[in-house]
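Worksheet: one structure, shown below.
The values are calculated or read from the model by the stated rules, or taken from the named source; none is laboratory data. Predicted, not measured: the structure shown is a model, and the values here were computed from it. Because the Cβ atoms are built from the backbone with ideal geometry, glycine has one as well, and the counts that use them run over all protein chains shown. Keep in mind that these areas ignore ligands, DNA and RNA; they rest on the heavy atoms of the full protein, side chains included. Shrake-Rupley method; radii C 1.70, N 1.55, O 1.52, S 1.80 Å.
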Amino acid sequence: MKVDLFDFNLPEELIAQTPLKDRTSSRLMVLDKETGAVRHDVFKHIVEYLQPGDALVLNDTRVLPARLFGMKEETGAKLEVLLLKQLEDDQWETLVKPAKRVKVGTEIIFGDGQLRAVCVEESDHGGRILKFKYEGIFYEVLEQLGEMPLPPYIKEQLEDRDRYQTVYARENGSAAAPTAGLHFTEELLEKIKARGIEVLFITLHVGLGTFRPVNVDDIDHHEMHAEFYQMTKETAQTLNQIRETGNKIISVGTTSTRTLETIATAFNGRFEESSGWTDIFIFPGYEFKAIDGMITNFHLPKSTLIMLISALAGREHVLEAYKQAVEERYRFFSFGDAMFIK
């Protein structure tokens, strides 16, 4: 299947640069995956589209302030470091700019020496393994020195870093937010629970692969980057009960979807307590085993994300809905509006 089949015209001014003041005031497009019918609403009304006995599954990963600015100890040359993945023994897989300045043995200083690192391994495309040295707790030092690694299409500075976190974020480890969850407030989640809907959490730490474009002509040749996920025993049991009673499982975001589908695939359509790494790539032709519906944002042309929602709702339905979204001036991407595929 050709990547160009998932292209559409997106005016640049529709890419949301800043979050709305009220998380729930974003617009909501409701798409019927069977008929392609579209309805326009506001996100605060999402509870009206969910039924008692259904489950809403959210990704509780927390974005790290993973962009660090430092300098070479030898020369004082400025460097930018992006943390990608935590390894053992205070080592991290990182991207460094400019990478040519950092060789094995290079020492880097951050924040007047509060944090130091030495390069222990080089890899392609600016990748470096850095071993960090610090006093105290690493994540506390990172909160002081780091910046949020906003997606490359967001050019404006974020005044409040908490607006790039979901209100339920708690598991440190992401390089990017699960942005479909940014529309929820604690009050809205309480309304959803009060309607008799289970609100459940899984974790998938989003990697920067989520921003990487598809650089092949044919989807079959694209490789996804692996991301860490986990599901508790309690969540798995509740999801199995919901399946058995015939109620629906609604995932919030592509990250929750990929986690649920990974686990259901591994356990023949059931859910079990589990953790591991997933590189699942969902595109049209995929048979869903876990979810019945999905809340998501509006995605980039030719991205793996629009391919995933096309697998759920049908490519023609999705592209027609996106055409309407452009005509109706919906806001796109991380700080944009939402779609509910039911």
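Each other residue within a Cβ distance under 9 Å of Lys233 adds +1 if Lys or Arg and -1 if Asp or Glu, for a net charge of -3. Multiplying the residue separation of Glu140 and Glu107 by 0.36 nm and subtracting their alpha-carbon distance yields 9.7 nm. The DSSP beta bridges internal to the chain are antiparallel in roughly 70% of cases. Spin-label pair Glu287-Lys133: with each label point 7 Å from Cα along the Cα-Cβ axis, the two points sit 5.7 nm from one another. Taken along the Cα-to-beta-carbon direction at a fixed 7 Å, the label points for Asp124 and Val38 span 3.9 nm.
Based on DSSP H segments of at least four residues, each scored -39500 (n - 2.57), the chain has a per-residue ellipticity at 222 nm of -6000 deg cm²/dmol. Shown is the FRET efficiency for Arg163 and Lys97, computed with R0 = 22 Å from the Cβ-Cβ distance and rounded to the nearest 0.05: 0.30. Taking every protein chain into account, the 1.4 Å probe leaves Asp7 with about 70 Å² of accessible area, to the nearest ten. Listed by chain and number, the aspartates and glutamates whose C-alpha is less than 17 Å from the C-alpha of Lys2, apart from same-chain residues fewer than 8 away, are Asp217, Asp218, Asp220, Glu223, Glu316. Average accessible surface for region 224-268: 42 Å² per residue, computed with a 1.4 Å probe over protein heavy atoms with every protein chain in place.
Among the protein heavy atoms of region 115-247, carbon and sulfur supply 43% of the accessible surface, probe 1.4 Å, non-protein parts ignored. Electrostatic bookkeeping for Gln114 treats Lys and Arg as +1 and Asp and Glu as -1; over the other residues with beta carbon under 12 Å from its beta carbon, the sum is -2.
Between Glu186 and Asn240, residue separation times 0.36 nm minus the direct Cα-Cα distance comes to 16.9 nm.
Electrostatic tally near Ser26: other residues with Cβ closer than 10 Å to its Cβ, Lys and Arg +1, Asp and Glu -1, net +2.
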